[in-house]
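To start, the structure itself, in structure tokens.
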Amino acid sequence: MSKAYRVRTEIEAILDRLGEGDQVPPERELAARFEVARETVRQALRELLVQGRIRRQGRGTVVSRPKMVQPLSLRSYTEGAIGLGRRPGRLLVGWDDIPADPETAAALDISTGSTVMHLERVLLADDEKVGLESTYLTPARFGALRTTYDPTTSLYAAIRTSGVVFGSAVERIETVLASPREAALLECTTALPMILLHRRTIDAEGVPIERVRALYRGDRMAFETQLRE
């Protein structure tokens, strides 16, 4: 067992006895307690920071709030966050008409180069930035949203209000690292592991509704689903 792993395990035991927002003992104190070099303690703390167990606050380190565990379903981010007792929010990054690339065109059953609406927003949980979501919609079907929809609210609620009935979705999940732009928008480093979700949603009649690319901070979010035979 490496020293860093042993120290991380010991620090995790300390965190288990602390509450959210409590101060983590300083590096010097931890190094003396475990009789290791401060660099070993730093490595253990870096790993716990990436895991989301701790976070920086001012010059110190405190215990983080548990990750928000979102169900993989056709509920909106708003519904999922509220169901977990969190306060959802969104910051508009951009809402533009762009030409569809081949992947977007295939997902929306349109020709490559056709105009699509690209809605990009930062997702918030209790005012903390946890995700960056890009949604692609066809103007032919959802163009009216430009004048009727508030992009800081639930998009799924607005789509349902327009009479569209959600049918099903295919979702692919992978781990990635954020680009410098994405990291800046989410106020994190490019070294932080991210969870990337790709989703194609269709209505009850099989007609495409959206293509979504959603990037979530790995230290703030987790996902779960129910499996049945």
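The values are calculated or read from the model by the stated rules, or taken from the named source; none is laboratory data. For clarity, every value in this text was computed on a predicted model and none was experimentally measured. When we count neighbours, we look across all protein chains shown, and the Cβ atoms used for this are built from the backbone with ideal geometry, even at glycine. Ligands, DNA and RNA are stripped out before the accessible areas are found, and what is left, the full protein with its side chains, is counted by its heavy atoms. Shrake-Rupley method; radii C 1.70, N 1.55, O 1.52, S 1.80 Å.
Only one entry of L186, L137, L132, L155 meets the criterion of being farther than 26 Å from P102 by Cα, touching a residue at least 60 places away in the same chain (Cβ under 8 Å) and open to solvent by less than 40 Å² (accessible area, probe 1.4 Å), and that entry is L186. From the residues in segment 82-115 that are open to solvent by less than 80 Å² (accessible area, probe 1.4 Å), assigned to a helix (DSSP H, G or I) and out of contact with any Gly (no Cβ under 9 Å at 6 or more places or on another chain), which one is nearest to P26 (Cα to Cα)? Result: G83. Once segment 44-72 is narrowed to residues that are free of Cβ contacts under 8 Å to residues at least 40 places away in the same chain and open to solvent by less than 50 Å² (accessible area, probe 1.4 Å), the residue that is nearest to T153 (Cα to Cα) is I54.
Specify the residue that is modelled with the lowest pLDDT; the eligible residues are those in segment 72-113 that are of a type in the set (D, E, K, R) and closer than 18 Å to K129 by Cβ. My answer is R86.
Considering segment 1-43, and only residues there that are at pLDDT 90 or above, surrounded by fewer than 13 Cβ atoms within 10 Å (Cβ to Cβ) and of a type in the set (S, T, N, Q), the residue that is farthest from V62 (Cα to Cα) turns out to be T9.
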